[in-house]
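A.B. asks: Here it is, the structure in full.
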Amino acid sequence: MKINLSKKQYRTLVKLIYLGTWLANAHRTDDIIEEFEELEQYIFSFCKDFGMENDFEYDESLKRFYLTDEFIENSGIDKLIDEYNLDTFWEELIHMMADKDLLETYGEKGLKEMDIEKLTEKKILLLDLYEKEFSENGIKNLRVIKGTKTIQ
């Protein structure tokens with residue numbers, strides 16, 4: 001199979017491949033998903049064919065292509081990653097806080113025995129409460145109240 005791409009399509013594919021590989025592997029150290037890395041390198045290896053060689057650096061010793069910092073910044077990839085991280089942070093925090101409150105209020109046994117509709121209703125109320133709080137105040141009112149020491 002052969003796929004023909006315009007320069008614009010290749011540029012978009014490069015961004016998608018970078019973002020996908022970043023999502024899969026950025027948090028990993030020893031357990032990198034190699035198939036993503038390999039496909040990324042294969043796609044990146046066509047950079048000269050699309051006149052994008054200045055957007056990549058090639059490390060001869062590692063035999064790897066890397067996007068330049070300039071490309072990452074100018075293409076908006078860094079902003080997409082920042083937006084994703086920020087949105088994920090708030091979503092996870094809101095859900096964790098709601099789950100914590102439900103567990104503290106009803107206990108594991110109470111949650112297991114609770115009707116799914118009632119549990120969903122209670123969780124939605126908590127999600128709404130935390131979403132409103134964090135959208136209005138950020139982390140300003142967030143405190144860890146157990147096991148902390150005051151810094152003087």
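The values are calculated or read from the model by the stated rules, or taken from the named source; none is laboratory data. This one's a predicted model, so the numbers in the text were calculated from it and none came from an experiment. In this analysis, Cβ positions are derived from the backbone assuming ideal geometry, glycine residues included, and neighbour counts consider all displayed protein chains. Keep in mind that these areas ignore ligands, DNA and RNA; they rest on the heavy atoms of the full protein, side chains included. Shrake-Rupley method; radii C 1.70, N 1.55, O 1.52, S 1.80 Å.
A.B. asks: Taking segment 129-141 on its own, how many of its residues are open to solvent by 50 Å² or more (accessible area, probe 1.4 Å) and closer than 14 Å to LEU102 by Cα?
C.D. replies: 1
Residues are listed down the side, and each one gets a yes or a no for (1) modelled with pLDDT of 95 or more; (2) among the β-branched types (Val, Ile, Thr); (3) more than 23 Å from the chain's Cα centre (by Cα):
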{"site": "ASN74", "(1), (2), (3)": "yes, no, no"}
{"site": "ASP115", "(1), (2), (3)": "yes, no, yes"}
{"site": "ILE124", "(1), (2), (3)": "yes, yes, yes"}
{"site": "ASP128", "(1), (2), (3)": "yes, no, no"}
{"site": "SER135", "(1), (2), (3)": "yes, no, no"}
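A.B. asks: Just for segment 1-22: of the residues that are more than 16 Å from GLY76 (Cβ to Cβ) and touching a residue at least 12 places away in the same chain (Cβ under 8 Å), which one is most open to solvent (accessible area, probe 1.4 Å)? Don't jump to the end; show me each part of the working.
C.D. replies: Here is the first cut: in segment 1-22, the ones more than 16 Å from GLY76 (Cβ to Cβ) are 1-7, 9-10, 21.
Filter once more, so that each one left must be touching a residue at least 12 places away in the same chain (Cβ under 8 Å): 5, 7, 10, 21.
Numbers: LEU5: 64, LYS7: 117, TYR10: 4, THR21: 12 Å².
Restricting to residues being more than 16 Å from GLY76 (Cβ to Cβ) and touching a residue at least 12 places away in the same chain (Cβ under 8 Å), the top hit is LYS7.
A.B. asks: In segment 38-87, what residues are of a type outside the set (Phe, Trp, Tyr), in contact with a Ser or Thr (Cβ under 9 Å, 6 or more places away or on another chain), open to solvent by less than 30 Å² (accessible area, probe 1.4 Å) and without any contact (Cβ under 8 Å) to a residue 40 or more places away in the chain?
C.D. replies: Within segment 38-87, just GLU40 meets the criteria.
A.B. asks: Related question: Please go through (1) over 19 Å from THR88 (Cβ atoms); (2) open to solvent by 60 Å² or more (accessible area, probe 1.4 Å); (3) not in a helix (DSSP H, G or I) for ILE32 and return the number of the only condition it doesn't satisfy.
C.D. replies: Failing condition for ILE32: (2).
A.B. asks: Can you list the helices (runs of 4 or more DSSP H) found entirely within segment 59-152 that contain at least 2 residues being out of contact with any strand residue (DSSP E or B) (no Cβ under 6 Å at 6 or more places or on another chain) and within 30 Å of PHE44 (Cβ to Cβ)?
C.D. replies: Qualifying helices (runs of 4 or more DSSP H): 69-75, 77-113.
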